[in-house]
Structures are given as C-alpha cells and as structure tokens.
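The values are calculated or read from the model by the stated rules, or taken from the named source; none is laboratory data. For clarity, every value in this text was computed on a predicted model and none was experimentally measured. Neighbour counts are summed over all protein chains in view; Cβ atoms, including those assigned to glycine, are modelled from backbone coordinates with ideal geometry.
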Amino acid sequence: MTSLDAFTSRVAEVTATIAGLPLDKTLEQRLNAEFPAGGTFFRDIRKACEEAIAAGWMCQQGEGSRKFGRIVQPGAATHNFSIDVVDITDLVGPHHRHPTGEIDMIMPQTPGARFDGRDEGWLVYPPDSAHRPTVSDGRALILYLLPNGEIEFS
C-alpha cells in the first residue's frame, strides 16, 4: 500500500466510521476498540507510513528530529478530515490549538516511545483544546486527522 490513493482509501475506513461524531473520550474509546493498536488496520497503516517515508513522499517537510507533512487535504474522500503525518524523535513540538479537535494515531518506532505521555493507540483532543506535541523515549510516527483541516499554531 505505497500509493497515495491506497493510503487515503485505507484511512477513509476510519473517517467513514467517525464522520459526524463528537471528538471526545467516547470517540477515543471507540477507535481503540474498533481499530486497536496491534490490529490489522494499525499494522497496515504503520507499514504504509514507513514505506512512504522511505519512498520520499511522506514527511517531506522539516528536518532532524521533526519531519512532517499534510498527506491529504480535507474533502469528500476523507469525510472532510485532513490527513497529516509527523515523524518525531524526543522532541517537544510547536504549541497549537485544535479549533475542531484532533485525532491522533500513535505509532511508536522505538519500543517505549510515547506521544503526549501515551503509548501506541488512539488519542482524541476535543474542539478548542491545545498542546505542545511531545514525543519522549524515542521515535514515533503520529498520523493525525483534523476536521476540515483546522489547526492554529501559536
């Protein structure tokens, strides 16, 4: 699954399931139950991200311990979610706000790496939340979905 179209279609399985739902802890629990860490979907997306980064079409911006990029703009194919992927190693990233929320798929690349204190799995930030994305104890890939692609850096 190294093509952008195949990747988008696979991620759209999640966005189809969650379209229109509130971004809250209930959604986080649902994602962790329906698309669990260690499950087929998680393994497929992790492998696709690793292959796409190696092929050079994912995480093309940034350098060193933080590389990132918007993979898909919000639109009908993804139920108006954007798809971004960031590759971070032991770093505190720039502060930003989520006007409509943020859904994070955490994929540690180093055993024990954590994103915002969390292990492999899903993390949902509600609308109007903010944070400094932090990866500790190694390297992690984070795929994040933003309703309407909305994010505000401060």
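Things to note:
- Within the stretch 95-118, the set of residues being farther than 20 Å from LEU23 by Cβ and surrounded by fewer than 18 Cβ atoms within 10 Å (Cβ to Cβ) comprises GLN109, THR110, PRO111, GLY112, ARG114.
- Counting only residues that are within 12 Å of the chain's Cα centre (by Cα) and modelled with pLDDT under 95, the stretch 87-127 holds 0 of them.
- For the stretch 25-55, the set of residues classified as exposed (fewer than 14 other Cβ atoms within 10 Å of the Cβ) and at pLDDT 95 or above consists of LYS25, THR26, GLN29, ALA33, GLY39, THR40, ARG43, LYS47, listed by residue number.
- The stretch 48-70: number of residues that are outside any helix (DSSP H, G or I), under 12 Å from LEU141 (Cβ atoms) and among the hydrophobic types (A, V, I, L, M, F, W, C): 3
- Yes/no for PRO74 being assigned to a loop (DSSP other than H, G, I, E, B), of a type outside the set (Phe, Trp, Tyr), in contact (Cβ under 8 Å) with a residue 60 or more places away in the chain and within 20 Å of ARG114 (Cβ to Cβ): no
- Options GLY56, GLY112, GLY121; residue that is under 18 Å from ASN32 (Cα atoms) and of a type in the set (Gly, Ala, Ser): GLY121
- Flag if THR26 is in a helix (DSSP H, G or I) and without any contact (Cβ under 8 Å) to a residue 12 or more places away in the chain: yes
- In the stretch 101-141, the residue that is nearest to ILE53 (Cα to Cα) out of those that are basic (Lys, Arg) and in a strand (DSSP E or B) is ARG139.
- Where a residue in the stretch 29-47 is in a loop (DSSP other than H, G, I, E, B) and its partner, wherever it lies, is among the β-branched types (Val, Ile, Thr) and buried (at least 16 other Cβ atoms within 10 Å of the Cβ), with Cβ under 9 Å and at least six apart: PHE35/VAL14; PHE35/ILE45; ALA37/ILE106
- Scoring THR89 on the criteria (1) surrounded by fewer than 18 Cβ atoms within 10 Å (Cβ to Cβ); (2) over 18 Å from GLY69 (Cα atoms); (3) in contact (Cβ under 8 Å) with a residue 24 or more places away in the chain leaves a single failure, condition (2).
- Among the residues here, PHE68 qualifies as more than 23 Å from ARG30 (Cα to Cα), buried (at least 16 other Cβ atoms within 10 Å of the Cβ) and among the aromatic types (Phe, Trp, Tyr).
- SER82 being of a type in the set (Gly, Ala, Ser), part of a strand (DSSP E or B) and over 29 Å from ASP5 (Cβ atoms): no
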